[in-house]
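These notes are about the structure you will find just below.
The values are calculated or read from the model by the stated rules, or taken from the named source; none is laboratory data. Small disclaimer: the values here were computed from a predicted structure and weren't measured. Virtual Cβ from ideal backbone geometry, glycine too; neighbours counted across all protein chains shown. Heavy atoms of the whole protein, side chains included, go into the accessibility calculation; ligands, DNA and RNA do not. Shrake-Rupley method; radii C 1.70, N 1.55, O 1.52, S 1.80 Å.
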Amino acid sequence: MIVLPWMVTTLACKALFPGDGSAEDGEILFQDDFSDPNSGWNRVSDRYGLTDYDDGVYRILVNAAHMDIWSRPHRMFQDVRIEVQAIKVQGERNNRFGVLCRVLDDEHYYAFIISSDGYYGIGKALGQEFILLNADALQPSAAIQQGTAFNQLRADCVGDTLTFFVNGVQLAQARDGDYPQGDVGLFAGTYAHPGSDIRFDNFLVLQP
């Protein structure tokens, strides 16, 4: 688990997700339905939160304010299409969570962000700085299911073009060529209130 500055439940987690969310129109480079707790993702618990497998899904809980926690399977890719299903189980709607691509280390990566109050963005970590690439601030979209609701996320990282889809709708595109390859990952974060509890399922990395 990597923690960056910026209520536990006992639900039957697998039942939260509608179907397997799989895509069959590209070669699968990596996939994980989180049924195997030894598939390589971080399994850490501390006072800031936790990252772990949980009843067939993957859970990120952030127990501190103004913090991001993320996890990755420790692999290397270049051009990819990443898909995952995500749902907020607990915490404030004013949160953030999503997908990472081209992760070089804890200070260099691209992030595809949504919030449970309906905002989105594409961001870039550059050392101690984090910038949005598609706009000056996160933007609202009716395509994002708000509150405790399921969302299908897709992030395409192809050449220097980064494209973000939510629930089948393209929301943003940006260009940046600084990171041509790297790991993939998932993250969740908080603003003023701790307790953001996000579950992910059916993670896919495909040839775009």
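Taking the criterion of being in contact with a Ser or Thr (Cβ under 7 Å, 6 or more places away or on another chain), open to solvent by less than 60 Å² (accessible area, probe 1.4 Å) and assigned to a loop (DSSP other than H, G, I, E, B), the only residue of the range 139-171 that qualifies is Gly147. Taking the range 104-132 as the range and being open to solvent by less than 50 Å² (accessible area, probe 1.4 Å) and part of a loop (DSSP other than H, G, I, E, B) as the test, the residues that pass are Ser115, Ser116, Asp117, Gly118, Gly127. The residue that is nearest to Gln152 (Cα to Cα), counting only those in the range 22-65 that are basic (Lys, Arg) and surrounded by fewer than 18 Cβ atoms within 10 Å (Cβ to Cβ), is Arg43.
Among the residues of the range 72-89, just one is over 21 Å from Tyr120 (Cβ atoms) and assigned to a strand (DSSP E or B), namely Phe77.
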